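J.: Okay, here's the structure, questions in a sec.
The values are calculated or read from the model by the stated rules, or taken from the named source; none is laboratory data. Since this is a predicted model, take the numbers as computed values, not measurements. Please note: Cβ atoms are built from the backbone with ideal geometry, for glycine as well, and neighbour counts cover all protein chains shown.
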Amino acid sequence: MPSLDDVYRKFGVASEAAQLLETELGNILIFAGAVDQNLIDEPNEERGTTLFKKINRQTLGQLLKGLESSSESVDHFEGLLAKALKARNRLTHSFYRQHNIRRNSEDGRVKMLEDLELIHHDLLDAYKAVMRLSGVDLGKVPLNQLPTGHLPI
Amino acid sequence: MDYDDEQTRDVYAHYGLAMYLAQTLEHAIVNALVILRLPEKEKYTRQDIDEFMEGNFQKTLGALLKQLKSEISFPPDLESVLVEALNRRNYLAHHYFRVRAETFVTRNGRTQMLHELQSDQRLFEKADEQLAKAMKPLRLTHGATDSAYEAEYKAMCQRLGI
């Protein structure tokens with residue numbers, strides 16, 4: 001049966017997925033902004049920094065609005081993104097309050113973990129869709145061809 | 001499970017605990033806003049209070065803190081701890097795993113992350129405790145005593161059959 005540590009751990013894993021999604025959306029918007037401002041052909045450190053800072057300040061909701069108004073077409077997975085935004089906001093603002101004293105029982109923690117699993121799933125679905133915009137299909141990454149062994153770090 | 005795996009799992013768990021304490025602090029601020037309305041409690045029904053709380057739960061921690069500061073003046077040490085908690089909460093919620101991505105892949109880095117997450121947990125607890133202490137005289141004056149809380153909690157559990 002799950003412990004409270006299992007719940008906290010899964011919360012951390014789901015939050016990391018939300019931040020991966022935020023990061024990837026930010027990367028797309030930074031690239032789109034750099035193209036719009038011709039920063040690829042004519043690099044300008046000051047304007048580049050301003051662009052980065054502006055995007056770095058934005059919440060997931062603001063990033064999604066920015067993506068809708070950018071040249072990137074997201075019509076085909078708008079639903080996935082909306083679902084991910086809702087999941088992320090619930091996770092970060094009200095997850096523990098909504099479940100409240102469930103954390104004190106094994107049955108309650110099972111429910112919390114099931115909910116976290118769904119939230120994580122919604123976030124990963126959106127992340128995979130956004131990665132495809134950048135030309136990366138995570139569903140096709142051959143896991144058996146990843147490097148193995150150990151890096152001495 | 002090897003040491004690296006276990007340490008990685010600990011980082012996620014300490015992050016989850018830190019965010020639990022941050023959400024507890026958000027709740028404490030909403031409770032404080034309710035306590036500030038106790039002097040006029042006859043004006044409000046239970047439904048009014050539920051709606052008031054629900055409306056405030058939709059707000060961000062920053063917006064809640066701004067509202068609280070507009071209604072009450074805090075001792076400077078409490079104000080600074082609340083502002084620090086707000087900044088750390090926002091950093092954890094929006095940037096933490098990205099900023100710490102490289103740190104996360106080394107043992108020393110993960111040790112550092114565990115220390116900072118534990119320090120954040122203490123910060124959120126301190127903010128929560130100091131806020132509760134600051135609000136206590138007002139709530140006691142208006143009958144919201146610890147024993148009244150306890151009785152209300154027991155009655156609620158009984159109603160819900162838990």
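J.: Determine, yes or no, whether residue B:86 is within 10 Å of another protein chain (Cβ to nearest Cβ) and within 14 Å of the chain's Cα centre (by Cα).
T.: Against the criterion (within 10 Å of another protein chain (Cβ to nearest Cβ) and within 14 Å of the chain's Cα centre (by Cα)), residue B:86 does not qualify.
J.: Moving on to the next point. Could you please tell me which pairs satisfy a Cβ distance under 7 Å, a separation of 6+ or placement on different chains, a first residue in segment B:142-160 that is under 18 Å from residue B:34 (Cα atoms), and a second residue that is in a helix (DSSP H, G or I) and of a type in the set (Val, Ile, Thr)?
T.: As it stands, the answer is B:144/B:35, since those pairs meet every condition given.
J.: While we're here: Give me the pairs: first residue in segment A:130-153 and surrounded by 10 or more Cβ atoms within 10 Å (Cβ to Cβ), second residue assigned to a loop (DSSP other than H, G, I, E, B), beta-carbon distance under 8 Å, and six or more apart or on different chains, which are they?
T.: Listed by first residue and then by second, the contacts come to A:131/A:137; A:133/A:72; A:133/A:74.
J.: Something else about it: Among the residues of segment A:25-37, is there at least one that is crowded, with 18+ Cβ neighbours inside 10 Å and at the interface with chain B (Cβ under 10 Å from one of its Cβ atoms)?
T.: yes
J.: Under 9 Å between Cβ atoms, at least 6 apart or on separate chains: pull out the pairs that start in segment B:89-109 with a residue that is outside any helix (DSSP H, G or I) and end on any residue that is among the hydrophobic types (A, V, I, L, M, F, W, C).
T.: B:100/B:11; B:100/B:113; B:106/A:153
J.: Could you run through segment B:1-60 and say how many residues are under 27 Å from residue B:133 (Cβ atoms), of a type in the set (Lys, Arg) and surrounded by 15 or more Cβ atoms within 10 Å (Cβ to Cβ)?
T.: Summing the residues that are under 27 Å from residue B:133 (Cβ atoms), of a type in the set (Lys, Arg) and surrounded by 15 or more Cβ atoms within 10 Å (Cβ to Cβ) in segment B:1-60 gives 2.
J.: Hey, can you tell me all the residues within segment B:102-148 that are acidic (Asp, Glu) and modelled with pLDDT of 95 or more? Please lay out each step first, then the result.
T.: The initial filter retains those residues of segment B:102-148 that are acidic (Asp, Glu), namely B:102, B:116, B:120, B:125, B:128-129, B:146.
Once the filter is applied, which keeps residues that are acidic (Asp, Glu) and modelled with pLDDT of 95 or more, segment B:102-148 yields B:116, B:120, B:125, B:128, B:129.
J.: What's the number of the condition residue B:117 fails, among (1) crowded, with 16+ Cβ neighbours inside 10 Å; (2) closer than 24 Å to residue B:36 by Cα?
T.: (2)
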